1. Using 0.36 nm per residue of separation minus the Cα-Cα distance, give me the extension gain between residue B:77 and residue B:50 in nm, one decimal.
2. Based on alpha-carbon positions alone, could you give the equivalent ellipsoid semi-axes of the range B:1-148 from the gyration tensor, as √(5λ), descending, whole Å?
3. In nm, give the distance between the simple-model label positions of residue B:311 and residue B:7, each being 7 Å from the Cα along the Cα-to-Cβ direction.
4. Quick check: from the Cα gyration tensor, does the protein assembly as shown come out rounded (a/c under 1.5), prolate or oblate?
5. Mind telling me which of B:88, B:44, B:247 comes out most flexible in a GNM of chain B, alpha-carbon contacts under 10 Å?
6. Once label points are set 7 Å from the Cα along Cα→Cβ at both residue B:65 and residue A:1, what is their separation, rounded to one decimal in nm?
7. For a protection proxy built on the mean count of beta-carbon atoms within 10 angstrom, sort B:235-243, B:274-282 highest first, please.
8. Mean Kyte-Doolittle of at least 0.0 plus a Cα span of 18 Å or more along the axis: flag which DSSP H helices in chain B meet both, please.
Amino acid sequence: MTTFLSGLLRLRRGPWEMLATILIALGVVMLMQPFFLWAYTWSFLVTLTGTVMFIIVSHFPE
Amino acid sequence: MANPIDLAAQATPPTLARKVRGLSDRAIAWIFVAPTIFLLLAINIFPLIWTIRLSFTNYAANKPNAEVKWVGLRNYERILTDEDIWSNMTTTAHFLIWTLFFQVVIGFTLAWLINRKFKGNDLLTTLIVVPMMLSPAVVGNFWTFLYQPQIGMVNYIVEFFTGIPAASFSMLGPGGLAPWSIIIVDTWMWTPFVMLICLAGLRSIPDYIYEAAEVDRASKWRQFWTITVPMVLPFLMLAVLFRGIENFKMFDMVNLLTGGGPGDETLLTSIDLKREAFEKWRTGYSSAYAIILFVTVFGLASIYVKALNKVKER
């Protein structure tokens, strides 16, 4: 956990990609779940944030 | 005998040769790559940018002379608060989750069985992979016949095993069977793909790991859970992501089988998108719909590429 947080603070690719991946996965789950309409409504924003973040952080150093 | 490079140099027209000689390697590389980049821009990037632009308007493609109004984020707002589209998303999720579940379970089991050495192994592998080589249009058409209540083979097989009269139910009609019918067809068609990827994973495990486990007196069950499953998992993840992306976009086969019906029971998002764009002609609205699906697929594809790189590093 400490390594993950220090990686985030030092702008390292691994942890940031992990964070972006979690956001994308969360967005997809929110988009397709049948329980909460509010989650469906906000899903696109979460997926878009994750995807844009993934494109940016994939240029960070290892 | 003359050197082929000299022959090629002699065959090159002198004027062209003179021009090319003056160019740097980088410039020559750009000349070769330029047509591809141009096509990519013209076929992929430009339509994407145009679709993003249209998604903020009320444009209708069947009314080219009508005034196009800028509506801002209203199309996105309407789609993301529409309960019918939400219902289509859950229908797609049902299709996605069950096809992935069956394909992974059956695909992995088949790969595990095929990985053993026995007579006719190669022939059996070839026969198993035949369905995925067929066109989805062909598969959609012949499964429509197989599911036909009067003449279809599926109903008679069900009658043979359960005693339920063949003509009393329809696999693609009302009654709640249609979503499962499309899952069966997709599983039949794409399980071999998952099997092939799992087989590649199983064959990449070196024998000495199992030999070491045998020396340590690990049981077959323990070997399976501590060696086979962890070593095949990255390959399996790859198969799940690939099939997940493909099934999220699924259109052709389901459109031929059910056309989204009966009612909205099998109305996947891609079929609904086609209706909005080319039956209701709400181009601006359907562009926003397409962008939402595109961002989802693009996000999943990014994870897929990352997973692929991890498998390559192994």
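Read-outs: derived from the displayed coordinates by stated rules, not from any lab. Quantities reported herein were computed from a predicted structural model and do not represent experimental measurements. Reconstructed Cβ throughout: ideal geometry from the backbone, glycine too, with neighbour counts over all protein chains shown.
1. Separation in residues times 0.36 nm, less the Cα-Cα distance, equals 7.8 nm.
2. Over the Cα atoms of the range B:1-148, the ellipsoid semi-axes are 46, 39, 15 Å.
3. 4.2
4. It comes out rounded by the Cα gyration axes.
5. Among B:88, B:44, B:247, the largest GNM mean-square fluctuation belongs to B:44.
6. 6.8
7. B:235-243, B:274-282
8. Span-like helices in chain B: B:25-40, B:83-114, B:178-203, B:229-248, B:283-313.
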